[in-house]
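Encoded as structure tokens, the structure appears first; notes follow it.
The values are calculated or read from the model by the stated rules, or taken from the named source; none is laboratory data. The shown structure was predicted, so the numbers you read here are calculated from the model rather than taken from an experiment. Positions of Cβ are generated from backbone atoms using ideal geometry, with glycine treated the same way; all protein chains shown enter the neighbour counts.
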Amino acid sequence: MSIDENHTLDAIVAGMPASVPVFERFGIDYCCDRHQSLAAACRAAGLSIDEVVQSLVQAEGAIHSPTSTWAEASLARFIRELVTNDSQWGKLCCESR
């Protein structure tokens, strides 16, 4: 996926699952603020857009799975990612029980 600073956070997450841990590491809320552009989210968090984009590119390059987007992933993989990884979505799911 080509990363454009004008893409919304939800578009980036949907097209590049590897973005989730990057956003979490930088403290970017890709859930509640999902309709913000990457540039706006970086400005709001006081982050360098270049540093975040570079981290996203590196994360995308490190993917070892043949499935590179959530749209292509099976439901089982999606759920496994939510539950087993330290994602905000997984935490919300588990806390709401």
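Name the single residue that is farthest from Leu9 (Cα to Cα) among those in the stretch 23-52 being within 12 Å of the chain's Cα centre (by Cα) and among the aliphatic types (A, V, I, L, M).
Per the criteria, the residue is Val52.
Among the residues of the stretch 1-59, which ones are in contact with a Cys (Cβ under 8 Å, 6 or more places away or on another chain) and assigned to a loop (DSSP other than H, G, I, E, B)?
Glu5, Ile28, Ser48
Of the residues Ser55, Ser87, only one is under 13 Å from the mean Cα position of the chain (by Cα), at pLDDT below 75, crowded, with 16+ Cβ neighbours inside 10 Å and among the polar types (S, T, N, Q); which?
Ser87
Under 8 Å between Cβ atoms, at least 6 apart or on separate chains: pull out the pairs that start in the stretch 45-60 with a residue that is β-branched (Val, Ile, Thr) and end on any residue that is not in a helix (DSSP H, G or I).
Ile49/Glu5; Val52/Ile28; Val53/Ile3; Val53/Glu5; Val57/Ile3
Return a yes/no flag: does the stretch 32-39 have any residue that is among the hydroxyl-bearing types (Ser, Thr, Tyr) and either surrounded by fewer than 16 Cβ atoms within 10 Å (Cβ to Cβ) or more than 26 Å from Ser74 (Cβ to Cβ) (or both).
Among the residues of the stretch 32-39, at least one is among the hydroxyl-bearing types (Ser, Thr, Tyr) and either surrounded by fewer than 16 Cβ atoms within 10 Å (Cβ to Cβ) or more than 26 Å from Ser74 (Cβ to Cβ) (or both), which makes the answer yes.
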